[in-house]
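Read-outs throughout are calculated quantities, based only on the coordinates presented, and are distinct from any laboratory measurement. Computed from a predicted structure; not experimentally measured. Please note: Cβ atoms are built from the backbone with ideal geometry, for glycine as well, and neighbour counts cover all protein chains shown.
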Amino acid sequence: MMSSHPAAGHGHGNGHGNIEVDPIWDNDDDSTYESAGSGTSIGSITHSIHEYVFENGRRYHTYFGVDKYIIPTDEQERDRLDLNHEVLLQQLRGELHGAPAPKEPKRILDVGTGSGIWAIDMAEKYPDCEVLGIDLSPIQPNWVPPNCRFEIDDAEEEWIHVDNSFDFIHMRNLNQGISHWDHVLSEAYRCAKPGTYLELSESGQKFYSDDGSISGSSAMLSFTQKLGEAMLRIGRPPMSDGMQEAMLMRAGFVDIHSFTLKMVMGPWPKDARMKKIGIMNWAQSESAFQAYSMAALTRILGMSYEEADRICREALDETKNKSKHVYLKHYVAYGRKPAGDERNTRKRKAREESPDSGDSGDSGKGSTLRGVR
Ligand SMILES: C[S@@+](CC[C@H](N)C(=O)[O-])C[C@H]1O[C@@H](n2cnc3c(N)ncnc32)[C@H](O)[C@@H]1O
């Protein structure tokens, strides 16, 4: 079934509609974008080893253990996270989330807040609401709105927050640091106020093309295959279709909706908004290939720095080939914690319908609405 979020668009790259290639890229002689002056890079690397491990030219935070989170959290990564936030704002047509907006919220939680940019934007949008961002790593800015604050915490531990205390909970792109999603979501369920939403928003790691322009020999595909293998080995498989909905359902959320965004790579789409998104994604890919994979490939798969670096560079180079019209999928799913009365009714109904089934009233079964944008 389709849901009708405005980010669904009309064949402009969000969801299942094919993205039309801008003819300008197909009609000249160069096979790469280099000569078009489109080469780009972002940020600058600051080198610091205070309380961190410094590896392969990047800084990894180690307070919760070296392998707790295997993406760097340095200045370069913060720049990339801010850019990725802009990409997702574009994809969601200016919205900060896909779930219905909270009504007069008093407390909002952003789990794995990273550079804190989503929490800061939400605090500005809801000045009467306290927005709390939690993260493993203290990389958030000091100058933030007075109603925004950050705490260092591991979302996989028992949450310190009281039951029924948040009006909205947001989790975006922290899959690389979570091995026990069911535990995290059961804590989120406990701490969400009845009737409020939890949103999960994760990028997959596979590349797709609608026109068959990437094939088995693609460097991007072998990159994702290697990265997927490494993450699976440590129990953190990349997000894929239907995973988030199943997790929300198991935790007890109801009215589950989901949609998939196409994160295009490069300026190839004809549509102006998607072209802009593609250029921004291109910019972040300058550091994203390495950020996501250097520790995974070297520490988990045992590759040498040179081999891992080559896999990243070849994949990055391939994104600059004009004939490759690729995108990643970004999965958004949200669900509502049933209100008190509703929970009792659901439990009663479940008992009536299946007297032997035990206490399964919060399963949310039958309430998933799969949307494709
Ligand atoms: C890729 S960043 C995304 C940041 C932010 N959510 C965004 O979308 O801009 C992932 C962040 O999640 C944090 N993280 C990963 N695992 C975590 C965990 N178990 N508990 C708390 N934070 C975690 C990392 O430290 C990192 O800052």
Quiz item: Computed over the Cα atoms, what is the radius of gyration of region 94-147 divided by 2.2 N^0.38 Å, N being its residue count?
Solution: 1.08
Quiz item: Just the Cα atoms of region 276-327, one point each, no solvent: what log10 I(q)/I(0) does Debye give at q = 0.18, 0.22, 0.23, 0.29 Å⁻¹?
Solution: -0.60, -0.80, -0.84, -1.09
Quiz item: For region 247-292, what does the alpha-carbon gyration tensor say about shape, rounded, prolate or oblate, given a ≥ b ≥ c as the root eigenvalues, a/c under 1.5 as rounded, and a/b over b/c as prolate?
Solution: oblate
Practice problem: Return the long-range amide H neighbours of V326 (sequence gap of 5 or more, or a different chain), with a cut-off of under 5 Å between placed amide H atoms. | Solution: M265
Exercise. For region 148-168 and region 269-339, write down the distance between their C-alpha centroids in whole Å.
Key: 29
Self-check item: Sorted by Cβ density within 10 Å, fewest first, the residues T196, T113
Solution: T196, T113
Quiz prompt | Semi-axis lengths (Å, descending) of the ellipsoid that matches the C-alpha gyration tensor of region 228-273 | solution = 28, 20, 5
Quiz item: Taking a temperature of 4 °C and a viscosity of 1.567 mPa s, what whole-number D in µm²/s does Stokes-Einstein yield for region 187-249 with Rh from Kirkwood over alpha carbon pairs?
Solution: 91
Quiz item: So what are the ³J(HN,Hα) numbers for region 172-184, from phi and the Karplus equation (6.51, -1.76, 1.60; θ = phi - 60°), rounded to whole Hz, Gly and Pro as x?
Solution: 10, 6, 10, 3, 5, x, 10, 9, 10, 4, 4, 5, 4
Practice problem: Starting with the fewest neighbours, write out W181, W268, W143 ranked by other beta-carbon atoms found within 10 Å of each beta-carbon. | Solution: W143, W181, W268
Quiz item: Ranked by Cβ crowding within 10 angstrom, fewest neighbours first, how are Y208, Y197 ordered?
Solution: Y208, Y197
Quiz prompt | Size of charge dipole - region 97-175 - debye, nearest 20, with Cβ of Lys, Arg +1 and Asp, Glu -1, no other charges | solution = 360
Quiz item: Cα convex hull of region 121-196: how many Å³ per residue?
Solution: 103
Quiz item: Taking every pair of alpha-carbon atoms in region 68-215, what share in percent sits in each 5 Å bin, from 0 to the bin with the longest distance?
Solution: 2, 9, 18, 23, 21, 15, 7, 3, 2, 1, 0
Practice problem: Taking every pair of alpha-carbon atoms in region 203-336, give the share separated by more than 22 Å as a whole percent. | Solution: 43
Quiz prompt | Relative contact order, percent, region 156-269 [alpha-carbon distance under 8 Å, six or more residues apart] | solution = 27
Quiz item: Treating the beta-carbon of each Lys and Arg as +1 and of each Asp and Glu as -1, no other charges, what is the dipole magnitude of region 155-199 about its Cα centre, to the nearest 20 debye?
Solution: 160
